[in-house]
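Here's the structure, in structure tokens; my notes come after.
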Amino acid sequence: MKMHRFVLGVCITLTIAFPLFSMGTQKERPLTVYAYDSFSGDWGPGEEVVSSFEAKHGIPVRVISAGDGLEMLTKVIAEKDRPYADVVIGISDEMATKAYRADLFEPYHSPILSEIPEFLHFDPEHRLLPFDYGNFAFIIDSERIPEEDRPKSLADLTHPRFRKSLILIDPRTSSVGLGLLLWTIRIFGEEGWLDWWEAMKDQALTITDGWSSAYGLFTEGEAPIVLSYTTSPVYHYTYEGSTRYQALIFDEGHQTTIEGVGMLRSSSRKEEAKLFIDFLLGEAQLPIAMANSMYPANGNTPLSEGFAYAPKPKVSLRMASEVIEKNLDRWLHEWTEVMSR
Amino acid sequence: MKDYRRFYRQKSIGPLIILFSLFILPLALTIRSGLWEEGSFTVKRIVSALIDPYTQRILLFTLKQALYSTLASLVIGLPGAYILATYSFRGKKLIRALATIPFVLPSILVVLGFVIFFGNTGTLNTILMKVFDLDDPPVKILYSFAAIILAHAFYNFPIVMSIVATAWEGLDTKLEAAAATLGSSPRKVLRTITLPRLFPSIISAAVLVFLFCFNSFAIILVLGGGPRFTTLEVEIYRQARMMGDPSGASALAIVSLLINGILFFGYALGQRKLTVAEPMVERAFEERRPTPIRTFFILLYSLFTILFLLGPILAVLSRSFIGSASRAGEATFSITWYRQLLGLERPPGHMSSALAALINSTLIGVAVSILTVTLALLLSVSIVRRNKSSSALELFGMLPMMTSSVIIGLGYVLIARLFRPSLFGTYLLITLAHTVIAFPFALRTILPGVRSLPEAYLHASYTLGFSPGKTFRTIEIPLLRRTLLTAAIFSFALSLGEFNATLILSGSQVVTLPVVMYRLIGSYHFQGACALGSILIITSGLAFFLGEVAKGDSV
């Protein structure tokens, strides 16, 4: 008899308490967009892009930070049967094959594609549409690394004077981390790349899971060198008027990455999703370029003067998505093996 | 008269069924997921995990850091135990009280406090650089092995201190006095008479600390970094969430459970063997005042303890009031983070989900404390009143304590995969997981309260014609009011700070206070994280305070 009352009490409590949760989360189901952490992070363009899109089309949008690039892709694949998202922002060309294989995205021939230069169309079927691109680079704190001490190549970073001075990023979770892994394979080849990483165990202050943590750690002053993009100084010039943080250009070349946006096949709001993608490739290009600190994919986007502080690499390195797909598991395994030793 | 026992026996059925399904079901799913493949039993996953050099290194690192952390906790905690047990001095109560702080602090808060206090640009280094006019931060321990050990020592040395001090205070000093009369030096007395008798308590404290550090998660997740500083629990999370491989995670979880089981079994065995039946006595404190040198060391130790315990917490509180326009800007006093937290300003980034997190965490906390206290009360009365096979029930109630919260979280991830809950369902699962985690603590609070309630009251009530049900409602519950409230607040505080199970269970949409704090720490928005952290500090402080009050006057 008491039992019933107890169970009843529990049920009542739960029924009262739980609809309230929705107050804390969302009112109606808006267009749901997954983005890597930094997109809607404190420095990201997310806020500006979303509010101007909402103002223009009257479609509410909810951006969800889904971890760094690879983590986000894993999440989308894991949720395939019961997806939350309609649009996914930030699948880079390096990991695209994994996304194709899972058959996540529906092709979309956006009218704006014609404004994007040919070399950026990494997916001929347009399941993923390029919205920005950039080159990986190491950023230094110029107040702590004098001009004459600056490294001029990846190999220079193994010098003892940079001991505990680098912040690196885990290639198992982050597309930036993956970028560096591919970069070292391009420069040192299959024979030498792991030796470089072996040396990094003394050079790295820490290896973070994602770019946001790494870059935050860097600007907090915990270490003077961080892995990022050649375009990162643009942000500091534009929003802080500072040229303290500078990108290092290596003559041997820089790994290039193209970031894509795609509409999930499972989405029930494809029309809105298309509008959002068009907006991202069109009007949103400028804020994306500025806050995301990447080159806009759309050739018609005027570059702000801040981009003068983003040095152009002399050599851009690419690696075919198929080659990456074929070898990635082995590379990551070897990397983990070396770095955990 | 007899049938009141039946009444209480029936009381235990409901909570037992609920607990069983809340705790055993997720655990069973974990074991199935680790050991079954396409319907048939296989140890393939566990074997391949065990022969993989990477897993071996993780396991080795996990054991190594737990061992070092235990040693560090002993080194810091034992002098404290000695001081507390030997001398009586002013401020002793304060130190004892301060030492309970880490018990109630959520791990994510400790991590935040550590980063802010010990970081290269943290409070400690800033002060040292100003005082000694240095250009470089002198204390560079963050993101190193030492940082992990130090954080674990912070968390666990009070355990050593209080367990050993309690045992020490209970030792009869006659033996020492006799040995001294027979000509032994004080050092020899300590070595040959006192320490051997303290040994059981030191060992039990050490094993407990080792277990806690073995299962440590948040501290490693944030202060570790990279494949080199990864423990088993962190790898379970990584495989389940980042790699999308719950089966691999389950295999690791089984390994972890086995090791935990072995450690716990060894602990229980050792306890039985080592415990010497010695009557507890009121210890007479040394009459003579400590020598000046000793006074100096006692003061130094107390000062160190206070700084070590309060430094990180005060750093969190004060940092939450610092606003800066840009990352390069000057620090100024500001309540802007609290305004953002309460939704008075619309902030960018992760701070925008702070208000939702606060609401969600509070709601979950309330639901958890109602559920937990109800279950724990029903189980407690039936343990105490039915008089038969009660210790088995009690042991069962304590079981979730022996399982790491990451593994409980993993079990709920597997439940979630069974029926793919909506967002609402995910919050429900989080609530249930919190209930399992908080339950043993509620039981431990309520059980002594019920035990101390004289059964004669009940008999008197029955004699006056009240039914067992009415007696329970009108006599027992009102008498237990204060105990129940304490348990409820404890459960609420535990739920509010619960990070491990919540993080592993949360999709990208779930926001609770610790999860948002973790994301803010991840993007180095420390001020925001501190504002959220301060709320946790206040709640934990309240739980701590009420715990102390309840200790003072039990029913």
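Since every read-out is calculated from the coordinates, none of them should be taken as a lab result. As the structure is a prediction and not an experimental result, all values here were calculated from the model. Ideal geometry is used to build each Cβ from the backbone, glycine not excepted, and the neighbour counts take in all protein chains shown.
Sort B:155, B:267 so that the residue with the fewest other Cβ atoms within 10 Å of its own Cβ comes first and the one with the most comes last.
Ordered by Cβ neighbours within 10 Å, fewest first: B:267, B:155.
Rounded to whole Å, give me the distance from the Cα center of region B:4-66 to that of region B:381-452.
14 Å
Which ³J(HN,Hα) values, rounded to whole Hz and listed in residue order, are derived for region B:348-356 from phi using the Karplus coefficients 6.51, -1.76 and 1.60 in 6.51 cos²θ - 1.76 cosθ + 1.60 with θ = phi - 60°, glycine and proline given as x?
Using θ = phi - 60°, the values come out as x, x, 5, 4, 5, 9, 5, 5, 4 Hz.
Quick one: 3J(HN,Hα) in Hz for region B:162-178, Karplus 6.51/-1.76/1.60 with θ = phi - 60°, rounded, Gly and Pro as x.
Values per residue, Gly and Pro as x: 6, 5, 5, 4, 4, 5, 5, 5, x, 6, 6, 7, 4, 4, 4, 4, 4 Hz.
List the residues, sorted by chain then number, that are 5 or more residues from residue A:265 or on another chain and whose placed amide H is less than 5 Å from its amide H.
A:105, A:106
Remind me, relative contact order of chain B in percent, using alpha carbon pairs under 8 angstrom and six or more residues apart?
This gives 23 percent for chain B.
In nm, to one decimal, how far is the modelled label at residue B:182 from the one at residue A:240, with both set 7 Å along Cα→Cβ?
Taking the simple label geometry, residue B:182 and residue A:240 are separated by 7.0 nm.
If one takes the longest principal axis of the Cα atoms in chain A, at what angle in degrees, from 0 to 90 and to the nearest 10, does the Cα axis of helix A:46-57 lie?
50 degrees
Calculated FRET efficiency, residue A:114 and residue A:52, Cβ-Cβ r, R0 22 Å, to nearest 0.05?
0.45
Starting from the amide H of residue A:229, placed 1.01 Å from N in the peptide plane, find each other amide H under 5 Å away whose residue is 5 or more places distant or on another chain.
Hits under the 5 Å cutoff: A:137.
Hey, how many Å between the Cα centroid of region A:195-234 and the Cα centroid of region B:455-500?
When both Cα centres are located, 55 Å separates them.
So what's the Cα pair-distance distribution over the protein assembly as shown, bin width 20 Å, in %?
Histogramming the protein assembly as shown at 20 Å steps yields 13, 44, 32, 10, 1 percent.
Going by C-beta contacts inside 10 Å, put A:226, A:323, B:131, A:338 in order with the fewest on the left.
Fewest-to-most ranking of A:226, A:323, B:131, A:338: B:131, A:323, A:338, A:226.
Within region A:83-121, list the residues whose amide N lies under 12 Å from a label point set 7 Å along Cα→Cβ of residue A:325.
Residues A:94-104 fall inside that zone.
If the reach is capped at under 13 angstrom between alpha carbons, list the aspartates and glutamates near residue A:270, excluding any in the same chain fewer than eight residues apart.
In chain and number order, the partners are A:86, A:106, A:278.
If I fit a long axis through the Cα atoms of helix A:2-25 and take the longest principal axis of the Cα atoms of chain A, what angle between them do I get, 0 to 90°, rounded to 10?
Between helix and principal axis, roughly 50 degrees.
Lys/Arg Cβ at +1, Asp/Glu Cβ at -1, dipole of chain A taken about the Cα centre: which of A:197, A:99, A:266 is farthest positive-ward?
A:266
Assuming R0 = 45 Å, what is the FRET efficiency of residue B:335 and residue A:163, from their Cβ-Cβ distance, to the nearest 0.05?
0.65
Among rounded, prolate and oblate, which fits chain B when a ≥ b ≥ c are the square roots of the eigenvalues of its C-alpha gyration tensor, a/c under 1.5 means rounded, and a/b larger than b/c means prolate?
Numbers: a/c = 1.35, a/b = 1.02, b/c = 1.33.
Verdict is rounded for chain B.
Could you calculate the FRET efficiency of residue A:142 with residue B:131 from 1/(1 + (r/R0)^6), where r is the beta carbon distance between them and R0 is 35 Å, rounded to 0.05?
For residue A:142 and residue B:131, the calculated efficiency is 0.80.
If you build a Gaussian network model of chain A, linking Cα atoms that sit under 10 Å apart, which residue out of A:307, A:276, A:119 swings the most?
It is A:119.
Can you give me the long-range amide H partners of residue A:92? Hydrogens built in the peptide plane at 1.01 Å from N, cutoff under 5 Å, separation of 5 or more residues or another chain.
A:260
Could you check what % of the DSSP bridge pairs in the protein assembly as shown are antiparallel, to the nearest 5?
Within the protein assembly as shown, antiparallel bridges account for around 65 percent of the total.
In whole angstrom, note down how far apart the Cα centers of region A:28-82 and region B:188-236 are.
41 Å
Between residue B:269 and residue A:59, how many nm apart are label points set 7 Å from Cα along the C-beta direction?
If labels sit at residue B:269 and residue A:59, their model points lie 6.5 nm apart.
With charges only on Cβ, +1 for K and R and -1 for D and E, what is the dipole size of chain B about its Cα centre, in debye, rounded to 20?
Numbers: 47 positive and 25 negative charges, 216 e Å.
It comes to approximately 1040 debye.
Taking the Cα centre of region B:443-555 as origin and charging only Cβ (+1 Lys, Arg; -1 Asp, Glu), how large is the dipole, in debye to the nearest 20?
With only Lys, Arg, Asp and Glu charged at Cβ, the dipole is about 140 debye.
Per residue of region A:180-186, in order, report the coupling 6.51 cos²θ - 1.76 cosθ + 1.60 (Karplus, θ = phi - 60°) as ³J(HN,Hα) in whole Hz, putting x for Gly and Pro.
5, 4, 5, 4, 5, 5, 5
Which order do the peptides A:292-304, B:43-55, B:106-118, B:501-513 come out in when sorted by mean C-beta neighbours inside 10 angstrom, highest first?
On the way: A:292-304: 19.7, B:43-55: 14.7, B:106-118: 25.7, B:501-513: 24.1.
Final packing ranking: B:106-118, B:501-513, A:292-304, B:43-55.
Please list, by residue number, everything in region A:195-239 whose backbone N is under 14 Å from a paramagnetic label point 7 Å out along Cα→Cβ of residue B:145.
Backbone N within reach: A:202.
In what order do A:339, B:129 fall by count of nearby beta-carbon atoms within 10 Å, going from fewest to most?
B:129, A:339
Let's see if you can work this out: charge +1 on each Lys and Arg Cβ, -1 on each Asp and Glu Cβ, no other charges. What is the dipole magnitude of the protein assembly as shown about its Cα centre, in debye to the nearest 20? Show your work: numbers first, answer last.
On the way: 79 positive and 74 negative charges, 1051 e Å.
Dipole of the protein assembly as shown, to the nearest 20 debye: 5040 debye.
What is the average number of partner chain Cβ atoms found within 10 Å of a Cβ in B:225-232?
Per residue, the number of nearby Cβ atoms from other chains is 6 on average.
Taking chain A as a Gaussian network, where each spring joins two C-alpha atoms under 10 Å apart, which residue of A:150, A:82, A:127 fluctuates the most?
A:82
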